[in-house]
Every structure is written in C-alpha cells, then in structure tokens.
Amino acid sequence: MLRIAVHGASGFTGRLTVAEVRRRGFTPVLVGREESRLRKAAVEAGAEGAEVRVAGLDSVEALAEAFRDCAVVVNCAGPFTVLGEPVIRASIAAGVHYVDTTGEQLYLKRVLDGFHEDAVRAGVSVVPAMADDGGPGDLIAALVAERAGSSAASGAFGASAASGASVASGVSGASAVSVAEVLVADLRGPGAASRGTARSMAAVFGQEALAYTDGVWHPADESAGPASIAVPGESGEAQVSGMALPGVVTIPRHVRARRVRSVIRSEIAAMFAALTPEVVDSVPETPDEAARMASRWLMLAEATGLDGSRARGWVTGSDGYGMTAVIAVEGARRLVAGGAPAGTLTPAQAFDPAGFLDHLTTHGVTWQVASA
Ligand SMILES: NC(=O)c1ccc[n+]([C@@H]2O[C@H](COP(=O)([O-])OP(=O)(O)OC[C@H]3O[C@@H](n4cnc5c(N)ncnc54)[C@H](OP(=O)(O)O)[C@@H]3O)[C@@H](O)[C@H]2O)c1
C-alpha cells in the first residue's frame with residue numbers, strides 16, 4: 001500500500017490532504033511538531049488510528065527518519081518561505097519524493113534553483129507548487145504555449161543579467177516551444193481563504209514580485225501589465241494588477257518565452273496589500289465550509305507566438321482547498337508511479353499537462369485551450 005507522509009497534517013490543508021490520501025485508498029502518515037494536534041487532525045480527517053510521527057523543523061535528521069519508509073512527502077506547512085526548506089532537505093536525505101502546496105514565488109524559485117543537484121543525486125523528484133494556482137497555472141500555460149508557439153530544438157533567449165536579476169539556466173519539458181510572451185492570471189474572486197493562506201501572504205508581503213524577460217528574472221514593473229482582462233464566463237473585463245504568482249518562476253523552465261508575467265484581480269491584490277498581523281489574526285483558521293465549497297478558482301494563460309499568433313486557455317473548478325489536496329495527492333501518486341526525472345521540477349515538467357488536467361475533470365474541473 002502506498003504510504004504518503006503528510007507534513008503539516010494538523011493544518012487546514014494538511015487535514016484535507018490526509019482525508020484525500022484516505023479517499024484514494026492510500027496510507028497516510030501524519031507528521032508534524034505536536035502529537036495531540038496530529039491525533040486530533042487524524043480523527044477530523046476520517047483517518048482515526050492513522051500513524052502519527054512527531055518531528056520538528058529543528059532536526060532534519062528526525063524529519064528524515066519520520067519520512068524514511070514512506071514513498072513520498074506532501075508538505076502542507078506554510079508559510080513555506082519560513083518553514084519549507086528543512087522539509088525538502090529531510091525528504092532528499094530520506095530518498096523520498098516531495099510535493100508541496102506553496103504559492104510563494106521567491107521560495108519556489110529558491111527551491112527550483114537550489115535543490116536540483118541534491119535531488120538528482122538522491123534520485124528523487126521535488127515538485128513544489130502543487131496547489132490550485134501553481135499546478136493548474138503551469139499546466140495550462142504549457143498547453144497554451146504549445147498552441148501558440150513553434151517547436152525549437154535549442155537555444156534559450158539569453159541576456160546579460162542586470163543587478164538583482166537571475167538568468168534562466170535551461171529550458172526542458174514536454175513542450176519546450178518558443179513564444180514571444182506568456183501571461184498567467186489567477187482570476188478567482190474574493191471568497192473563502194484560510195488564516196494559513198493569509199499568514200503566508202503576509203509573510204511574503206514586501207518581497208518584490210518577479211517578471212521574466214529575455215532569459216532573466218527581474219523585479220516586475222507593475223505598470224507594464226494589462227489593466228483589465230476578459231474573464232471566461234463573465235461579461236465585461238475584470239481589472240487586474242501584477243502579482244507574484246508561481247507561473248513566472250515555473251513557466252520559463254519549460255517554455256522558451258521572451259516574456260512571462262502574472263496578474264490577479266485588482267480587488268484581491270488590494271486585500272492582500274491590507275494584510276496586517278491584526279487582520280491575519282482575524283481571519284478564521286478554517287474557512288466557512290459552505291463558502292469554501294461554493295468558491296470558484298480560475299487560472300488563465302494567454303500566449304503570443306513569435307509570428308503573432310495567439311492562444312488562450314483556462315482551467316477552473318470549485319473548492320480551491322479541496323482541489324489543492326486532490327492535486328497534491330495525485331501528483332504524489334504519479335511521482336511514485338514513475339516517469340518523472342529526478343531533480344527539482346515544475347508541475348508541467350513532472351507531469352503530462354493534458355493528462356493531469358483530464359484527471360481533475362473527474363472532480364468537476366473544466367479546462368480548454370483555443371487559438372485566439
Ligand atoms: N497556493 C495555493 O493555492 C494554496 C492552497 C492551499 C494551501 N496553500 C498553502 O498551504 C499552507 C498551509 O495553509 P493552511 O491554511 O493549511 O495553514 P494552517 O492551517 O495554518 O496550517 C499550517 C501548518 O503548518 C504547521 N506549522 C506552523 N508552524 C510550524 C513550525 N514552526 N514547525 C512545524 N510546523 C509548523 C502547523 O502545525 P501546528 O498545528 O503544529 O501549528 C500546521 O500543520 C499555506 O502556506 C497556504 O498558503 C496554498
């Protein structure tokens with residue numbers, strides 16, 4: 001039976017993930033810093049009697065020991081910017097595949113840049129951002145770029161790095177197409193968010209959002225993006241603002257794009273900008289169940305080919321937190337089943353994009369890609 005270690009199992013996303021592991025017929029092992037909270041979470045997740053292992057972030061060795069006889073780790077403990085790296089070190093030390101639910105852009109870049117060689121040496125795949133934004137956003141962008149782009153054998157768009165910028169080291173993946181531009185947009189409206197999400201957004205507040213131009217990641221120019229965007233299923237256009245989404249970091253690793261940018265609805269950007277510690281504390285730990293089930297998420301990608309041809313695609317569904325658990329567990333299962341190379345990978349590098357999105361349609365997700 002597939003044993004999946006869920007780190008941060010006592011949190012909101014962690015409990016949903018444990019429940020999803022059980023629903024799939026796999027064996028969850030709940031890992032975290034506090035035994036009583038882990039046992040309570042097991043009961044709440046419908047996994048009473050599941051194995052609980054206590055290990056804190058202060059000992060990579062203890063964490064690795066907790067992971068060792070599992071096939072894969074799903075890390076749900078955020079803010080990842082603060083908590084994430086010891087868990088990756090421990091997964092690699094234990095020789096166990098790793099996925100997480102982060103949406104934090106700079107953390108994601110640090111992981112993809114910094115842990116690749118160690119993961120290759122250990123023979124494990126490390127796939128962060130397997131949540132309802134970074135996962136579907138990267139997968140739909142791969143398919144949209146493929147539609148708009150042309151295949152290119154080699155040659156990333158190179159440029160000299162300005163100070164504070166970093167250069168892309170290579171592009172690999174199923175598509176590896178060339179396009180002029182990719183725009184990725186998280187177009188969910190205001191709705192159910194957990195305190196953990198608010199805390200994670202507050203933790204990265206003040207960090208510069210990145211954009212990607214001619215082979216270089218650099219601070220985003222907030223005024224450069226579109227001011228509004230047509231939202232599938234809505235009349236009119238929604239006001240959008242630049243935001244540090246995972247796609248800016250993940251997409252250039254498998255699409256040869258001259259430019260990659262990311263936006264969200266301006267009203268959501270304004271809410272994030274207003275997150276003081278007091279506001280974070282006032283957010284319910286667990287969002288209202290009915291509001292969560294009713295809330296919709298929508299990731300959209302647009303690509304412009306080198307010849308000016310355009311493509312647009314989107315993926316949408318309900319209950320973003322439940323979907324995050326589905327995405328993370330299915331990603332974990334696919335890593336164990338084999339096929340993904342060792343190393344740090346974006347979702348679209350690790351998994352067949354259309355195949356993965358098709359899997360999500362069994363959970364009410366719809367997706368499409370079309371020439372524009
Ligand atoms: N991008 C997306 O689309 C998306 C979707 C879903 C979730 N997420 C991310 O997933 C993360 C979890 O969200 P959530 O709502 O589940 O948060 P949460 O309910 O606050 O859970 C946080 C978890 O982290 C653990 N933790 C906190 N500090 C720790 C420490 N110092 N050492 C060890 N463990 C520690 C907590 O353990 P204790 O119980 O012991 O405190 C708990 O298990 C957030 O970063 C959120 O942004 C992202």
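The values are calculated or read from the model by the stated rules, or taken from the named source; none is laboratory data. All figures in this text were calculated on a predicted structure; none of them were measured in a lab. Positions of Cβ are backbone-derived with ideal geometry, glycine not excepted, and every protein chain shown enters the neighbour counts. Each accessible area value is taken on the protein alone, full model and side chains, heavy atoms only, with ligands, DNA and RNA left out. Shrake-Rupley method; radii C 1.70, N 1.55, O 1.52, S 1.80 Å.
For first residues located in the stretch 350-363 and more than 17 Å from VAL126 (Cα to Cα) and in contact (Cβ under 8 Å) with a residue 12 or more places away in the chain, partners that are hydrophobic (A, V, I, L, M, F, W, C) and open to solvent by 60 Å² or more (accessible area, probe 1.4 Å) and lie 6+ apart or on another chain with Cβ distances below 6 Å form the pairs LEU357/TRP367.
Contact map, the stretch 273-302: residues that are surrounded by fewer than 17 Cβ atoms within 10 Å (Cβ to Cβ) paired with residues that are of a type in the set (Ser, Thr, Tyr), Cβ distance under 6 Å, separation 6+ or inter-chain. Pairs shown: ARG296/SER318.
Within the set GLY8, GLY32, GLY14, GLY49, the sole residue that is farther than 19 Å from ARG195 by Cβ and either small (Gly, Ala, Ser) or in contact with a strand residue (DSSP E or B) (Cβ under 7 Å, 6 or more places away or on another chain) (or both) turns out to be GLY49. For SER10, the test of being more than 14 Å from the ligand (Cβ to nearest atom), small (Gly, Ala, Ser) and under 21 Å from ALA131 (Cα atoms) is failed.
Among the residues making up the stretch 194-230, those that are touching a Gly at 6+ places or on another chain (Cβ under 9 Å), at negative phi and part of a loop (DSSP other than H, G, I, E, B) are SER194, GLU208, ALA209, ALA220, ASP221, GLY225. Here is the figure for the stretch 294-323: residues that are away from the ligand (no atom under 13 Å from the Cβ), assigned to a loop (DSSP other than H, G, I, E, B) and among the charged types (D, E, K, R) total 1.
Residues in the stretch 224-243 that are among the polar types (S, T, N, Q) and within 14 Å of ALA269 (Cα to Cα): SER228, GLN239, SER241.
Scanning the stretch 358-369 finds no residues that are in contact with a strand residue (DSSP E or B) (Cβ under 9 Å, 6 or more places away or on another chain) and under 22 Å from ARG89 (Cα atoms). Selection over the stretch 14-27 of residues that are assigned to a helix (DSSP H, G or I) and open to solvent by 10 Å² or more (accessible area, probe 1.4 Å) gives a count of 6. Hey, can you tell me all the residues within the stretch 114-147 that are open to solvent by 10 Å² or more (accessible area, probe 1.4 Å) and within 14 Å of the ligand (Cβ to nearest atom)? ASP132, ASP133 - these are the residues of the stretch 114-147 that are open to solvent by 10 Å² or more (accessible area, probe 1.4 Å) and within 14 Å of the ligand (Cβ to nearest atom). ALA269 - would you say it is in a helix (DSSP H, G or I), under 15 Å from LEU187 (Cβ atoms) and in contact with a strand residue (DSSP E or B) (Cβ under 6 Å, 6 or more places away or on another chain)? Taking the combined requirement at face value, the residue satisfies it. Within the stretch 329-348, the set of residues being under 21 Å from TRP314 (Cβ atoms) and either open to solvent by 10 Å² or more (accessible area, probe 1.4 Å) or of a type in the set (A, V, I, L, M, F, W, C) (or both) comprises just one member, ALA348.
The rows are residues; the columns are (1) open to solvent by 10 Å² or more (accessible area, probe 1.4 Å); (2) over 18 Å from THR286 (Cβ atoms).
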position: PHE12; (1), (2): yes, no
position: VAL29; (1), (2): no, yes
position: ARG33; (1), (2): yes, yes
position: ASP58; (1), (2): yes, yes
position: LEU63; (1), (2): no, yes
position: VAL73; (1), (2): no, yes
position: VAL82; (1), (2): yes, yes
position: GLU85; (1), (2): yes, yes
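Being assigned to a loop (DSSP other than H, G, I, E, B) and free of Cβ contacts under 8 Å to residues at least 24 places away in the same chain is the filter here; which residues of the stretch 39-56 pass it? GLU48, GLY49, GLY56, listed by residue number. Of the residues making up the stretch 87-110, those that are within 15 Å of the ligand (Cβ to nearest atom), open to solvent by less than 30 Å² (accessible area, probe 1.4 Å) and over 12 Å from the mean Cα position of the chain (by Cα) are VAL87, ILE88, ALA90, SER91, TYR98. I'd like to know if the stretch 357-369 contains one or more residues that are among the acidic types (Asp, Glu) and either at pLDDT below 90 or touching a helix residue (DSSP H, G or I) at 6+ places or on another chain (Cβ under 9 Å) (or both). No, the stretch 357-369 contains no residue that is among the acidic types (Asp, Glu) and either at pLDDT below 90 or touching a helix residue (DSSP H, G or I) at 6+ places or on another chain (Cβ under 9 Å) (or both). Listed by first and then second residue, the pairs with beta-carbon distance under 6 Å, at least 6 apart or on different chains, first residue in the stretch 105-116 and among the charged types (D, E, K, R), second surrounded by 22 or more Cβ atoms within 10 Å (Cβ to Cβ), are LYS109/VAL249.
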